[in-house]
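The values are calculated or read from the model by the stated rules, or taken from the named source; none is laboratory data. Everything numeric here is computed off the predicted structure, so don't read it as measured data. In this analysis, Cβ positions are derived from the backbone assuming ideal geometry, glycine residues included, and neighbour counts consider all displayed protein chains. Surface accessibility is based on the protein's heavy atoms, side chains included, excluding ligands, DNA and RNA. Shrake-Rupley method; radii C 1.70, N 1.55, O 1.52, S 1.80 Å.
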Amino acid sequence: MRTDFPVVIYGASGYTGRLVAEHLRELGMPFVAAGRNRERIEESLRLVPGIESARYEIVEVEHTVEDLVKLFTGRKVVCNTVGPFMRYNLEVAEACLRTGVHYLDTTGEQSAILQLDEHFGREFAKAGLVMVPSTAYMYGLSEIGARYCLENPGVDSLRMHGIGNAVPTVASAQTILDAVRHPCYYLKDRELVRYPGIENGKISTPSGEVLVTSNWGGSSNPIWFRNDGRVRNCKMDVAIWNQELYKKELELERAYKVQLQWLPEGQLRGVLDRMATGITPATPPREARQVHRSIDICFATGNNVAVKSTIFSTGGYLTTGLLQAYAATRLAVETPRVTGLRSPSEVFGHRELMGALQSFGYVSIKVEQVA
C-alpha cells in the first residue's frame, strides 16, 4: 500500500483540480496530481497558494483503464475532476474498482450518475467501496440542506431551489450543453418521472428579485432520495444571476431537437464543444468570495409540518475543492459506513460536511420551522 500519497487528483491541471489540491494542502493530506500533460499540471499547481509546503508528486497518465490501474494501485481514493463526466467517468470508475480504490467526482449530471450506478454500483458495494458523485457545490450543498429538513418527523416532500453566481469552467460549460441531450428526472410519489424537456419557473430571491429558473438537468437530489423511504417527492430547479445562461440552454435545446440530434456522435461532440467555447472560451479567473455568492433553499413539507432550510455560501468552486479534499481525507483513513453508489451526506454525514464548510467560512445555514 502506497500510504505516502494515498489520494489521487485526476485532472489536476484543470480549474477544479487545482482547488482540490489547494484544500488537500490545507488539510495536510499528501496527494498525486495526475493528468495527461505534466507541463500543464506543473503550470496549474504553481498557482496554488502555499503549494511549496504541500506533499505531492506529479504523474502523467493516459485516459485508459490500463494506465489508470497502474496509477491507482496502492492508493486509497481518487478525486475525479475530468469532465464532461458522461464521456469520461467509466474508465476512471473501472480502474478504481480493479484496484480497490474509492471514487469521488464533482458531477451533478443525473445521466452520469445513473451511468456509474448501472455499470458499477453493485460491484463497488460488493467490494466494500464507495462511489460518491456530486461531492461538489452542485449538488452536495443542497443535499445537506434537505437532510437538515428531514430531521423533522413527518417531512416527506422536498422542493429545492439553487441561486448561483458563477462563471462556468470550460468543462462545466461543456457539461451544461452536453446534458441537454440526456433525459433527466424528478421524484414523484417515489418514482422517477422524466421531464419532457427544459422546464422553466420563477423564484423570488431573499431580496425580492425574481429570477427565471431551469430544471438544469434535474440535479442529483432526486437520484439520492429515490432510495430514502421518508421521501415521496423531490424536485429541484436552479436560477443563475446571469440570466443569459438559461437562455443559451433553451437555444441549444431547440437547436438539438431540430438539427443537432441527427449528427454522428463524434461530429456532435465537436459542435457542442464549440458552442461551449462561446460561453467559456478559456479557464476563468479564481473566484472572488465577495462576488460569487450562492443561496440554496429547501422547502420541506408533510401532512402537517413544514420546514425551510436556507444555505448562504460563497465560492462554489472553492466549496467544491474543500468538499473533495475533506471527503478524500476521510476515505484515506476511514472505512466508510456504507458502500456502493452513495451521496456525499450518506457517506460523510450532512452535519459533518456542514461543519467542515463552516470551519473555512464558506457557508452558513438557517433552518426554520414553518408549521
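Filter the stretch 259-269 down to the residues that are among the polar types (S, T, N, Q) and open to solvent by 100 Å² or more (accessible area, probe 1.4 Å) and list them by number. Lay out the reasoning, then the answer.
Applying the first criterion (among the polar types (S, T, N, Q)) to the stretch 259-269 yields 259, 261, 267.
Across the stretch 259-269, the qualifying residues are Q259, Q267.
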Counting only residues that are touching a residue at least 40 places away in the same chain (Cβ under 8 Å) and open to solvent by 50 Å² or more (accessible area, probe 1.4 Å), the stretch 219-234 contains a total of 2
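Can you confirm whether A325 is within 30 Å of L27 (Cα to Cα), open to solvent by 10 Å² or more (accessible area, probe 1.4 Å) and either of a type in the set (G, A, S) or out of contact with any strand residue (DSSP E or B) (no Cβ under 6 Å at 6 or more places or on another chain) (or both)? Let's see the steps before the verdict.
Details: within 30 Å of L27 (Cα to Cα): yes; open to solvent by 10 Å² or more (accessible area, probe 1.4 Å): no; either of a type in the set (G, A, S) or out of contact with any strand residue (DSSP E or B) (no Cβ under 6 Å at 6 or more places or on another chain) (or both): yes.
For A325, the condition - within 30 Å of L27 (Cα to Cα), open to solvent by 10 Å² or more (accessible area, probe 1.4 Å) and either of a type in the set (G, A, S) or out of contact with any strand residue (DSSP E or B) (no Cβ under 6 Å at 6 or more places or on another chain) (or both) - is not met.
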Residue list for the stretch 143-193, restricted to those being at pLDDT below 95, buried (at least 22 other Cβ atoms within 10 Å of the Cβ) and among the charged types (D, E, K, R)
D178
So, in the stretch 290-322, exactly how many residues are modelled with pLDDT under 95, buried (at least 21 other Cβ atoms within 10 Å of the Cβ) and more than 21 Å from K366 (Cβ to Cβ)?
1
Residue count for the stretch 7-42, restricted to those that are open to solvent by less than 10 Å² (accessible area, probe 1.4 Å) and in a loop (DSSP other than H, G, I, E, B):
1
Has the stretch 72-94 got any residue that is more than 21 Å from V130 (Cα to Cα), of a type in the set (S, T, N, Q) and part of a helix (DSSP H, G or I)?
no
Check the stretch 336-347 and report whether any residue there is modelled with pLDDT under 95, on the phi > 0 side of the Ramachandran plot and open to solvent by less than 30 Å² (accessible area, probe 1.4 Å).
no
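Table: residues versus (1) in contact with a Leu (Cβ under 7 Å, 6 or more places away or on another chain); (2) open to solvent by 10 Å² or more (accessible area, probe 1.4 Å); (3) under 21 Å from T329 (Cβ atoms); (4) at pLDDT 95 or above.
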{"site": "L45", "(1), (2), (3), (4)": "no, no, yes, yes"}
{"site": "S53", "(1), (2), (3), (4)": "no, yes, yes, yes"}
{"site": "I58", "(1), (2), (3), (4)": "no, yes, yes, yes"}
{"site": "T64", "(1), (2), (3), (4)": "no, yes, no, yes"}
{"site": "T73", "(1), (2), (3), (4)": "no, yes, yes, yes"}
{"site": "V82", "(1), (2), (3), (4)": "no, yes, yes, yes"}
{"site": "A93", "(1), (2), (3), (4)": "yes, no, yes, yes"}
Read through the list (1) in contact with a Phe, Trp or Tyr (Cβ under 7 Å, 6 or more places away or on another chain); (2) at pLDDT 95 or above, then give the number of the only condition that F360 fails.
(1)
Of those in the stretch 246-258 that are without any contact (Cβ under 8 Å) to a residue 24 or more places away in the chain and more than 12 Å from R181 (Cβ to Cβ), the residue surrounded by the most Cβ atoms within 10 Å (Cβ to Cβ) is R254
